[in-house]
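Notes to accompany the following structure.
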Amino acid sequence: MDFNQFTHSQFIAKQIQNDNLFQPLGDIDLSRAASIEISKELYAEADSKGFTLTELLESDEYDPSGIGSPLDAFERQLLLSGIKLSGKSPTTVEQFYQQSPALLPEFMLREVKKGMSMRPELNKLIANSTTIASNSYTPFFINTDDTTKFSLRPIGDGSEVPQLMVTEQNHAVNVVDYGLALKTSYKALRYRTTSQFRVLLWYIGFKIQTDKIGLLVDCIINGDGNNNAAATVNTALSGTLTYDDLITLWSNFSPFEMNTIICHVNQLKSILTLSEFKDPMAGYRFQNSGELFSPLGAGLVRSDEVPTDLVIGLDNRFAVEEVITQPLMIEYDKVIDQRFEEAVISESVTYAKILKEAAIVLDTNY
């Protein structure tokens, strides 16, 4: 078959169902895609540039997607190889290896990332995410002890200009490597379809993201090693959580805004059942879609890594930053060589405080 140009009808016949491929949009030019040899060397080139394989393929040197293209550069490679991800007869893992084994690591990486996106709460908790080239990171220290020194005021001749003192923290934060080994064999996977395999990969990504929320929670509560653990306020009566206690937590945020509450499911249930929050429409939305209401305008996030007696209030715009040295990666060489039992999915990440005052902990059992 001539892969240089797929017509509309040929594209339908190939039946490449990759979530966003159900609506073919005209002819697909595969001439540049067909000229590219996907290999370990190409993955190594992508790594050296800090790219994923998809990002490398999308660069001008390779096979960039035009405006309105129905497929990205990696999806065009799947199409070229006849890889089908769902539908009536999805490709098996064994067929994937037979048709184009070098595409499998990137397929796995993309599906793990889809699983991570299924736990979107993490992005609601961080003010910023940045990638650095060192395994050690020194956060800013922003001195907010005396706001009068940097409050806006008229400046007369010879008067002192307000100053916001920004230095570095005393201690650097180590960016830690986190990994998960995919402990399975080719024999166990060979007859599984890609549609089955991708659900496993989704779960891995979902679990990774859940664990990262736990890391962030620990940073909020205990600090990042720079004497910046969150301040704590107590409930009026130990062992209880009332509406007035949440108001107390909320009132301690000036000048910040408590726009997020993070807590264990047990405390989440306590908040959901407070009589002051029993809005019929809120109950209707929760019963029909699982959508949590926003007490005091704060979004609710469940994290069972939070101790059961604590409720975290957060201004997610200013509290915590995510620092990455190695984005999510998969040992592509081992996957290509069918050594699944040794393949590691890893990421190097840590969390650091930006402004200590943008997070406060409510202790219900003191």
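The values are calculated or read from the model by the stated rules, or taken from the named source; none is laboratory data. Here the structure is a predicted model, which means the values were calculated and not measured. Don't worry about glycine lacking a Cβ; one is built from the backbone with ideal geometry, like all the others, and counts go over all protein chains shown.
For the stretch 292-315, which positions are among the aliphatic types (A, V, I, L, M) and not in a strand (DSSP E or B)?
292, 296, 298, 306
Residues are listed down the side, and each one gets a yes or a no for (1) under 27 Å from the mean Cα position of the chain (by Cα); (2) farther than 16 Å from residue 198 by Cα:
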{"site": "56", "(1), (2)": "yes, yes"}
{"site": "70", "(1), (2)": "yes, yes"}
{"site": "73", "(1), (2)": "yes, yes"}
{"site": "79", "(1), (2)": "no, yes"}
{"site": "86", "(1), (2)": "yes, no"}
{"site": "98", "(1), (2)": "no, yes"}
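Residue by residue, here is whether (1) assigned to a loop (DSSP other than H, G, I, E, B); (2) among the β-branched types (Val, Ile, Thr); (3) touching a helix residue (DSSP H, G or I) at 6+ places or on another chain (Cβ under 9 Å) holds:
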residue	(1), (2), (3)
152	yes, no, no
157	yes, no, no
163	yes, no, yes
201	no, no, yes
206	no, no, yes
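Among the candidates 51, 11, which residue alone is outside the structural domain of residue 326 (by TED's automatic domain parsing) and either modelled with pLDDT of 90 or more or within 27 Å of the chain's Cα centre (by Cα) (or both)?
51
Within the stretch 172-187, which residues are in contact (Cβ under 8 Å) with a residue 12 or more places away in the chain and of a type outside the set (Val, Ile, Thr)?
Listed by number, the residues that qualify are 172, 174, 177, 178, 179, 180, 181, 182, 183, 185, 186.
Residue-by-condition table, conditions (1) within 18 Å of residue 123 (Cβ to Cβ); (2) in a loop (DSSP other than H, G, I, E, B); (3) modelled with pLDDT under 95:
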{"position": "213", "(1), (2), (3)": "yes, no, no"}
{"position": "216", "(1), (2), (3)": "yes, no, no"}
{"position": "221", "(1), (2), (3)": "no, no, no"}
{"position": "229", "(1), (2), (3)": "no, yes, no"}
{"position": "233", "(1), (2), (3)": "no, no, no"}
{"position": "237", "(1), (2), (3)": "no, yes, no"}
{"position": "247", "(1), (2), (3)": "no, no, yes"}
{"position": "253", "(1), (2), (3)": "no, yes, yes"}
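Taking the stretch 91-116, which residues are closer than 28 Å to residue 322 by Cβ and touching a Phe, Trp or Tyr at 6+ places or on another chain (Cβ under 9 Å)?
105, 106, 107, 108, 109, 110, 111, 112, 114, 115, 116 - these are the residues of the stretch 91-116 that are closer than 28 Å to residue 322 by Cβ and touching a Phe, Trp or Tyr at 6+ places or on another chain (Cβ under 9 Å).
I'm trying to understand the selection: among the residues of the stretch 135-144, which are modelled with pLDDT of 90 or more and not in a strand (DSSP E or B)?
135, 138, 139 - these are the residues of the stretch 135-144 that are modelled with pLDDT of 90 or more and not in a strand (DSSP E or B).
Are any residues in the stretch 132-191 farther than 30 Å from residue 349 by Cα, hydroxyl-bearing (Ser, Thr, Tyr) and in contact with a strand residue (DSSP E or B) (Cβ under 8 Å, 6 or more places away or on another chain), and if so, which ones?
191
For residues that are surrounded by 15 or more Cβ atoms within 10 Å (Cβ to Cβ) and in contact with a Leu (Cβ under 9 Å, 6 or more places away or on another chain), scanning just the stretch 145-181, find the one that is modelled with the highest pLDDT.
Among those residues, the one meeting the criterion is 178.
For the stretch 28-74, enumerate the residues that are under 19 Å from residue 335 (Cα atoms) and among the acidic types (Asp, Glu).
Once the filter is applied, which keeps residues that are under 19 Å from residue 335 (Cα atoms) and among the acidic types (Asp, Glu), the stretch 28-74 yields 37, 41, 45, 47.
Return only the number of the condition from (1) assigned to a loop (DSSP other than H, G, I, E, B); (2) surrounded by fewer than 18 Cβ atoms within 10 Å (Cβ to Cβ) that residue 241 does not satisfy.
Going through the list (1) assigned to a loop (DSSP other than H, G, I, E, B); (2) surrounded by fewer than 18 Cβ atoms within 10 Å (Cβ to Cβ), residue 241 breaks only (2).
Would you check which residues across the stretch 128-164 are without any contact (Cβ under 8 Å) to a residue 60 or more places away in the chain and either within 26 Å of the chain's Cα centre (by Cα) or on the phi > 0 side of the Ramachandran plot (or both) and list them?
Scanning the stretch 128-164 gives 136, 138, 158.
Regarding residue 107, is this residue under 27 Å from the mean Cα position of the chain (by Cα), among the aromatic types (Phe, Trp, Tyr) and not assigned by TED's automatic domain parsing to the domain that holds residue 262?
It is true that residue 107 is under 27 Å from the mean Cα position of the chain (by Cα), among the aromatic types (Phe, Trp, Tyr) and not assigned by TED's automatic domain parsing to the domain that holds residue 262.
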